[in-house]
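Notes follow once the structure below has been shown.
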Amino acid sequence: MTRTVSETSLVPTPPPIQLENSQIVIQDEDENSHVLSIDEYCSNREVVNLENAAVNIDNSNDVIIGPVTQLNVNGNVTIYSNGNAPSEAVNGTALDQDQQSGTNFTNGGWRQKGLIWHNTPPKRKSTWYKNKYVIIIGGTLILTISAIIVFVILYNTAEDEDDVERLGDHRVYNRRHWGAQPPRATVDLVHPTTFVIISHSVSPWCDSFSSCSGLVRSFQNHHFTLGNYDVGYNFIIGGDANIYVGRGWDVRNFHNSISIGICFIGDFRSDELNDGMISAAKLLIEQGFNAGKISTEYILVGQNQTDRGLPESPGENVYRVIKSWPHFSGESYFD
């Protein structure tokens with residue numbers, strides 16, 4: 001007597017057999033498999049019941065199950081009757097009743113009209129090494145950027161705390177601090193100087209090391225384009241109340257050969273000096289006086305009193321303040 005697939009017990013891993021459309025596998029009493037067309041097996045057109053059975057399909061196209069289910073199989077698929085799939089039937093995970101009631105399973109199983117499908121796709125070539133390279137490159141970039149950030153923070157901290165001269169409550173940033181280019185030439189300044197000349201930069205205001213140092217660099221670049229050897233002033237004072245060394249005490253400025261030039265950053269036709277800027281300028285002049293860089297009989301003037309071409313420098317709001325300082329003179333000293 002011949003037994004159909006429906007009369008056999010559950011077969012965990014049935015052997016794959018190549019099927020054409022409208023064919024079915026049956027087993028005889030000796031458990032030998034035979035391929036017959038459905039028309040040959042079901043001459044009375046009765047529906048074949050796959051209860052308590054399993055079908056294994058390997059790399060097949062246009063597989064038809066029932067009136068609505070048609071699929072292609074790439075790899076290996078095992079079809080179990082409803083409720084009889086082993087617990088590992090869906091990628092090694094047993095499905096509870098709620099999971100089995102759905103149509104699609106995200107872990108590879110699928111249920112349709114009483115059938116649970118277990119798909120075992122063909123092995124794919126591992127790409128772990130590609131991910132490894134991505135991780136290595138990404139990690140290297142992150143470490144590099146982090147190191148740069150740490151370096152900048154530490155460098156700026158060193159400038160702010162350890163490597164900066166102090167004058168009272170004010171920091172004195174040297175040329176390296178603010179990023180000066182080398183001067184194209186220098187001319188020694190003979191001491192003590194007769195004049196202290198106050199000017200303004202006619203530029204935006206600044207109130208931090210970052211903004212002020214950036215402006216000082218721009219002054220140097222601009223003065224280079226005008227044919228000067230360097231940034232024109234001996235010292236520059238920012239709205240942050242700190243001092244930026246230009247040509248310093250010992251190099252002639254672009255005013256004349258007998259003066260120390262001090263420039264306030266800003267446009268003081270409208271800007272106002274703050275108390276910190278005033279204090280920094282007074283202490284700087286006092287330091288030069290005590291060090292013998294400035295004459296004991298020095299004369300304090302605005303740039304407009306020594307240069308006819310700049311009648312508004314240092315700006316009326318600076319001029320109003322310096323008129324009350326020691327050694328100020330209201331006279332003009334044009335060449």
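Rule-based calculations on the coordinates, nothing more; no lab input. Everything quoted here is computed from the prediction, not taken from an experiment. Please note: Cβ atoms are built from the backbone with ideal geometry, for glycine as well, and neighbour counts cover all protein chains shown.
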Packing-ranked peptide list from 165-176, 313-324, highest mean Cβ count within 10 angstrom first, is 313-324, 165-176
From the Cα centre of segment 265-280 to that of segment 317-333, the distance in Å is 15
Per the 1/(1 + (r/R0)^6) rule, R0 = 30 Å and r from the Cβ atoms of Ser332 and Glu165, FRET efficiency to 0.05 is 0.30
Taking 0.36 nm per residue of separation between Asp275 and Arg176 and subtracting their Cα-Cα distance, the length gained on full extension comes to 33.0 nm
The residues Ser332, Ser201, sorted from fewest to most surrounding Cβ atoms within 10 Å, come out as Ser332, Ser201
Mean Cβ-within-10 Å packing, highest first, puts peptides 214-220, 287-293 in the order 214-220, 287-293
Rh (Kirkwood, all Cα-Cα pairs) for segment 166-322, Å, reads 15.3
Contour minus Cα-Cα span, Lys323 to Ala291, at 0.36 nm per residue, comes to 9.1 nm
Summing +1 per Lys or Arg and -1 per Asp or Glu among the other residues with Cβ less than 12 Å from Gly302's Cβ gives -2
